[in-house]
Amino acid sequence: MRGACGLDFGTSNSTIGVWQQGTPTLVPLEAGKPTLPSAIFFNFEDDSVAFGRAAVAAYTAGTQGRLLRALKSVLGSSLMTETTQLKRRRLAFTEIIGLLLHQLKARAEAATGQELTQVVLGRPVQFVDDDPVADRAAQNQLEAAARAQGFTEIAFQYEPIAAALAYERQVSAEQLALIVDIGGGTADFSVVRVSPERAKATDRQADILANQGVHLGGTDFDRLFSLAEVMPLLGKGSHYRTTGYELPTRYYYDLATWQRIHSLNTKETLHELRQLRHEAAEPALLERLLAVIEGRLGHALAGQVEAAKIALTTAAASTLNLPLPGQPLVQTLTRTQLEAAIAPAVARIAATALATVQQARVPPTALQAIFLTGGSSQIPAVKASVLAQFPAAQVIEGDLFGSVGLGLTLDAQRKFAT
């Protein structure tokens, strides 16, 4: 059968939904769960490819290979025109994204017994900040990757609008709502009029009063946290022994950025770092850095930083523990440190939320509801900073990882129903 679906290709997690028994339903994609982590692992030992939790598990088990995550962040960037080395072959990032989309489609088709050829794809308000040309290129790249996997009819919907469609199913009267969707790669906001009656309309453009977004999310928080509190343990901010100048920082920025970690795994980089170790005022810190890179532990370190960030959502402190030859890297990380590291990004996110309401030409006090979705919306500093600007609004927390996918599925039913 031909079928329609809503596909939320996320920076951290992805979902795909279909219409079943008169309701939008997220399809179980891995181990009975509706989310598939947007991760892919190329196994160099047996040339297999793993996805989602299985990809992360294979990597953390020490299998030789290459783990790729946060691929959505590559869309619209210069990396999309490049290829990356995977053992004896090179693949373009469009092909790698296509492999993930193929998995989502194939798993959903297997679970539902439908051939899915029609799709509404979610997209952030801005793939790329303040660059309409790159933003359009990002959407075109995602569309091309989806079409190559067998989707013949493709539409797009802003992710916060999709979240609004999902939220609207639970309202009993008209509301003016601010939709807050802060995920792994972007923070998106929409001011939307929702109501049971408005939900019946197929054209909702008049109900969308404003849309804004900024390219900041959970992976950015990971990077900022790592640079502030973890990379100094590996030598960031330390100096040359003789001149007193600061050591080059590019290694640390690459190591703190999911998409750049693999770039450090070269003979040239190792040679440079061994030379720096001899010239550094604190060579023991460079020894740690070398141990991380020589042991291909960059993704494991990034994973521990991410885990600490998540733990600090509810706890005041968390412990990073990375096994290194000789002595493990053990460090206590605190919520106070996290909040200090991400403060500029949080301020920018909060400013974007307020600017969205101003764009809608309504006073902040006119908002009746704030609907939160996306995992990063639960970070206490992020949530508090956004909500403080709209104290009169009721706060509703949606399905953190499923609201957008459900809304995209609702939109697919409206767009493609015959």
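The values are calculated or read from the model by the stated rules, or taken from the named source; none is laboratory data. Small disclaimer: the values here were computed from a predicted structure and weren't measured. Note that we place each Cβ from the backbone using ideal geometry, even for glycine, and neighbour counts take in every protein chain shown. Each accessible area value is taken on the protein alone, full model and side chains, heavy atoms only, with ligands, DNA and RNA left out. Shrake-Rupley method; radii C 1.70, N 1.55, O 1.52, S 1.80 Å.
The set of residues in segment 78-108 being touching a residue at least 60 places away in the same chain (Cβ under 8 Å) and either outside any helix (DSSP H, G or I) or of a type in the set (D, E, K, R) (or both) consists of Thr84, Lys105, Arg107.
Val395 fulfils the conditions (1) open to solvent by 30 Å² or more (accessible area, probe 1.4 Å); (2) among the hydrophobic types (A, V, I, L, M, F, W, C); (3) assigned to a helix (DSSP H, G or I) except for a single criterion, (3).
Can you confirm whether Phe9 is touching a residue at least 40 places away in the same chain (Cβ under 8 Å), hydrophobic (A, V, I, L, M, F, W, C) and under 17 Å from Asp399 (Cα atoms)? It would help to see each step written out before you state the result.
On the way: touching a residue at least 40 places away in the same chain (Cβ under 8 Å): yes; hydrophobic (A, V, I, L, M, F, W, C): yes; under 17 Å from Asp399 (Cα atoms): yes.
Yes, satisfied.
Among residues belonging to segment 33-61 that are within 30 Å of Arg414 (Cβ to Cβ) and assigned to a loop (DSSP other than H, G, I, E, B), point out the one that is most open to solvent (accessible area, probe 1.4 Å). Among those that are within 30 Å of Arg414 (Cβ to Cβ) and assigned to a loop (DSSP other than H, G, I, E, B), it is Pro34.
All of Pro323, Pro344, Pro283 fail the test of being of a type outside the set (A, V, I, L, M, F, W, C) and at pLDDT below 95, apart from Pro323.
Selection within segment 309-329: residues that are under 23 Å from the mean Cα position of the chain (by Cα), part of a loop (DSSP other than H, G, I, E, B) and touching a residue at least 12 places away in the same chain (Cβ under 8 Å). The member of this set that is farthest from Phe225 (Cα to Cα) is Ala315.
In this structure, is Ala177 over 26 Å from Val362 (Cβ atoms), at pLDDT 95 or above and buried (at least 20 other Cβ atoms within 10 Å of the Cβ)? Spelling it out, it is not the case that Ala177 is over 26 Å from Val362 (Cβ atoms), at pLDDT 95 or above and buried (at least 20 other Cβ atoms within 10 Å of the Cβ).
Take the residues of segment 21-32 that are of a type outside the set (Asp, Glu) and in contact (Cβ under 8 Å) with a residue 12 or more places away in the chain: which is surrounded by the fewest Cβ atoms within 10 Å (Cβ to Cβ)? Outline the logic, then answer.
Step one: of segment 21-32, the residues of a type outside the set (Asp, Glu) are 21-29, 31-32.
Subsequent filtering for residues that are in contact (Cβ under 8 Å) with a residue 12 or more places away in the chain retains 24-29, 31.
Values: Pro24: 23, Thr25: 16, Leu26: 21, Val27: 23, Pro28: 14, Leu29: 24, Ala31: 9.
Filtering segment 21-32 for residues that are of a type outside the set (Asp, Glu) and in contact (Cβ under 8 Å) with a residue 12 or more places away in the chain, the one surrounded by the fewest Cβ atoms within 10 Å (Cβ to Cβ) comes out as Ala31.
For segment 341-385, taking the residues that are within 19 Å of the chain's Cα centre (by Cα) and part of a loop (DSSP other than H, G, I, E, B), the one that is surrounded by the fewest Cβ atoms within 10 Å (Cβ to Cβ) is identified as Ile379. Every listed requirement among (1) in contact (Cβ under 8 Å) with a residue 60 or more places away in the chain; (2) of a type in the set (Gly, Ala, Ser); (3) at positive phi is met by Gly3 save one, (3).
Of all residues in segment 257-289 being assigned to a loop (DSSP other than H, G, I, E, B) and not aliphatic (A, V, I, L, M), which is nearest to Arg223 (Cα to Cα)? Full working, then the answer.
Start the filter on segment 257-289 by keeping residues that are assigned to a loop (DSSP other than H, G, I, E, B), which leaves 257, 265-266, 281-282.
In the following step, the residues that additionally are not aliphatic (A, V, I, L, M) were identified as 257, 265-266, 282.
Values: Thr257: 6, Asn265: 19, Thr266: 21, Glu282: 23 Å.
Selected residue: Thr257.
Candidates in segment 114-137 are the residues that are in contact (Cβ under 8 Å) with a residue 60 or more places away in the chain and under 15 Å from the mean Cα position of the chain (by Cα); of these, the one that is surrounded by the most Cβ atoms within 10 Å (Cβ to Cβ) is Gly122. Selection of first residues in segment 166-179 that are under 11 Å from Ile396 (Cα atoms) and of second residues that are part of a helix (DSSP H, G or I), restricted to Cβ pairs under 6 Å at least 6 apart or on distinct chains, gives the following pairs, ordered by first then second residue: Ile179/Pro160; Ile179/Ala163; Ile179/Ala164.
List every residue pair whose Cβ atoms lie under 8 Å apart, where the two residues are 6 or more positions apart in sequence or sit on different chains, the first residue falls within segment 223-243 and is at pLDDT 95 or above, and the second residue, located anywhere, is of a type outside the set (A, V, I, L, M, F, W, C) and open to solvent by less than 10 Å² (accessible area, probe 1.4 Å). Qualifying pairs under 8 Å: Leu227/Tyr252; Met231/Tyr252; Pro232/Ser238; Leu234/Tyr252; Gly235/Tyr252; Lys236/Tyr252.
Checking each residue in segment 74-103 for being open to solvent by 20 Å² or more (accessible area, probe 1.4 Å) and hydroxyl-bearing (Ser, Thr, Tyr) picks out Ser77, Ser78, Thr81, Thr83, Thr94.
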